[in-house]
Structures are given as structure tokens and as C-alpha cells.
Amino acid sequence: MTFGEQPAYLRVADDLRKQIVSGTLPPHTRLPSQARIREEYGVSDTVALEARKVLMAEGLVEGRSGSGTYVRERPVPRRVSRAAYRHRGGLSPFRQEQAEAGARGTWESRSEQALADGDIARRLAIDIGDRVMCTSYVFRDAGEAMMLSTSWEPLAVTGRTPVMLPEEGPLGGCGVVERMAAIEVIVDNVAEEVGARPGLAEELHLLGGVPGHVVVVIERTYYASGRPVETADVVIPADRYRVAYHLPVK
């Protein structure tokens, strides 16, 4: 193979990908069998198999037990908006975004006390083993799971206060900024780091994805005078949603 030349399995995958994108191989069409790929492209069984694996990892095709490999329906990506914090009657960011889009989203949540592991302790600037309130969310749009979120708040800040449980009490369901302000903790900064990785099995089960699908992960942390008071992981399926940021110019 000369310098810069693609391996055979990538060349085969690229040609099949072009057929899928162009519609020559439309959704729900059976992908050519391994034997047919071998004959049409003059490659080995190993190359044909690796090409199919590439397309499956990219989410373009899916295997059906006892039937073969088929082209997947390609969803039209929708936007999940992220914006600088705006005071809006105590609404959480998800509720703000849904209200502005005229959507009627729903969510489920579960809170429980936990001990901070090394990563959460680092993000909250607390000691490993310190107690935190961990809240898990599933957000839905028109009944479809669109986003997961897990947040952690140090009980050294919220413990034994009316806002200890994010979704219960007098400020249940309000945003972090309003809830913290109620206990005289003034949030003045929020940081988000965006990355991507293969979805975990439990995440893909909740989001309706298949093994190998990529998710966008937003690591968000709220600060009050430099002290982290909440951190969260927001998980969004990359094949169905795009994260759009709208930030003011100051």
C-alpha cells in the first residue's frame, strides 16, 4: 500500500456509505451480503466484514438477528439550545428552552444521597467520600427520550436546607441559580465542557440507541465566588440532536 492510500476495507466502506447517503441504498434496504461485497469489490471475506463493521459503528446500518444487515433510517437532527443564564421566573434551563421553542417537554427525576467518588470530588472541590445529593433526569420531547442528566450537589452546601432535594420542596423544579440564592449562595459563573464518546449501555437503553452510538456529553459546573456548588453531566444522542450555543457579546 502506497503512502496515503486507504486500506481496502475503508475504500469499500466509503463506497457503500456514498450509496447510503445518496439514496441508492435507501433506509430499510438490506446491505449487500458479505459474499456479494467480496465479489463486487474483489476483496477478501475479512475486508468485507471490516467494511460492514465500519458502517455499523457509524450508525448507518444495523444488524437484525437471523435476517442480515439493513440501512438505518437517518433522523433529521434537531437542536438542543444552550444559552447564557437568563433569569426567567425561576425556570430551569430545560424549561426555559422548551418554553421558548413552544415545546411541551416532560421529565422524570430521582434523587438520592451518595458518596463523592474521585471525579465528582475533584469537580466539586470536596473530599472523596463527602456526601452529595445525586439527581438523575430523563428529559423527553413528544414522549421521546432526548437527553439525560445527572447532577451532584455537595450536602455541605444544601444539606438540611429547603433546597436539599432539587425537585421537591418550595423551590422544587427551579434552576440551580434560584435554589442557591434561596439559601444565600449567589451563583456568579457557570462553565461547560463539551465532548463526545460511545454511549454506555444504560444510556443507550434509555435514549433508544444501539451499541456503538456516539453521545455528546456536556460537563457543567455552577460556581459561587469560585466555589463549585453543582456539577452535572448532560448526555445527548449525537445522531438525533445538535447542541447550539447562543452567547451574548459583552
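If we count every other residue with Cβ under 14 angstrom of Ile128's Cβ, Lys/Arg +1 and Asp/Glu -1, where does the sum land? Intermediate values should be presented prior to the final figure.
Working: positive: Arg122, Arg123, Arg131; negative: Asp117, Asp119, Asp127, Asp130.
Here the count lands on -1.
Kindly provide the helix-only [θ] at 222 nm of the chain, computed as the sum of -39,500 (n - 2.57) over DSSP H runs of four or more divided by all residues, to the nearest 500 deg cm²/dmol? Each step should come with its number before you reach the end.
Working: 8 runs with 69 residues, N = 250.
Theoretical 222 nm ellipticity from helices: -7500 deg cm²/dmol.
Can you give the extra length, in nm with one decimal, that the chain gains between Val76 and Arg131 once fully stretched, where that is 0.36 nm per residue apart less the Cα-Cα distance? Before the final figure, lay out each step's value.
Details: separation 55, 0.36 × 55 = 19.80 nm, distance 4.17 nm.
Answer, rounded to one decimal: 15.6 nm.
For the chain, with every protein chain kept in place, what is the accessible area per residue (1.4 Å probe, Å²)?
Values: 13940 Å² over 250 residues.
Ligands and nucleic acids excluded, the figure is 56 Å² per residue.
Return the whole-Å distance between the Cα centroid of region 36-59 and the Cα centroid of region 119-182.
46
Where the convex hull is taken over the Cα atoms of region 175-234, what is its projected area averaged over directions, in nm²?
Details: hull surface 19.1 nm².
For the Cα atoms of region 175-234, the hull's average projected area reads 4.8 nm².
For the chain, what is the relative contact order in percent, using Cα pairs closer than 8 Å and at least 6 residues apart in sequence?
Contact order relative to length: 17 percent.
Long-range amide H contacts for Val80: which residues qualify at under 5 Å (H placed 1.01 Å from N, peptide plane, sequence gap of 5 or more or a different chain)?
Hits under the 5 Å cutoff: Arg242, Val243, Ala244.
Among residues other than Met180 whose Cβ falls under 13 Å from its Cβ, what is the net charge (Lys/Arg +1, Asp/Glu -1)?
Details: positive: Arg179, Arg227; negative: Glu153, Glu178, Glu184, Asp188, Glu230.
Net local charge, Met180 excluded: -3.
Summarise the accessible area of the chain (1.4 Å probe, protein heavy atoms) by the percent that is carbon and sulfur. Could you put the intermediate results ahead of the total?
Values: 7350 of 13940 Å².
C and S fraction of accessible area: 53 percent.
Taking the chain, how much of its Cα-Cα pair set, in percent, is spaced more than 33 angstrom apart?
Details: 10909 of 31125 pairs.
The answer is 35 percent, as a whole percent.
Packing-wise, with mean Cβ within 10 Å as the measure, how do 132-140, 43-51 rank, highest first? Walk me through the intermediate numbers first.
On the way: 132-140: 18.7, 43-51: 17.1.
By packing density, highest mean first, the sequence is 132-140, 43-51.
Suppose we keep just the alpha-carbon trace of region 122-235; what are its Rg and Dmax in angstrom?
Reported Rg and Dmax, both Å: 15.2, 45.
Mind pulling up the Rg/Rh value for region 132-183? Radius of gyration and Kirkwood radius, both on Cα.
Working: Rg = 12.2 Å, Rh = 11.9 Å.
Taking Rg over the Kirkwood Rh, I get 1.03.
Along the positive direction of the dipole of the chain (beta-carbon charges: Lys, Arg +1; Asp, Glu -1; about the Cα centre), which of Pro237, Val214, Leu31 reaches farthest?
Leu31
Would you mind getting me the FRET efficiency between Asp14 and Val194? Use the beta-carbon distance for r and R0 = 25 Å, nearest 0.05. Present the calculation step by step, with values, prior to reporting the outcome.
On the way: r = 28 Å, r/R0 = 1.12.
Here the calculated transfer efficiency is 0.35.
The values are calculated or read from the model by the stated rules, or taken from the named source; none is laboratory data. The structure presented is a predicted model; accordingly, all values stated were derived computationally and were not measured. All Cβ positions, glycine included, derive from the backbone under ideal geometry; neighbour counts span all protein chains shown. Ligands, DNA and RNA are excluded from the accessible area calculation, which covers all protein heavy atoms including side chains. Shrake-Rupley method; radii C 1.70, N 1.55, O 1.52, S 1.80 Å.
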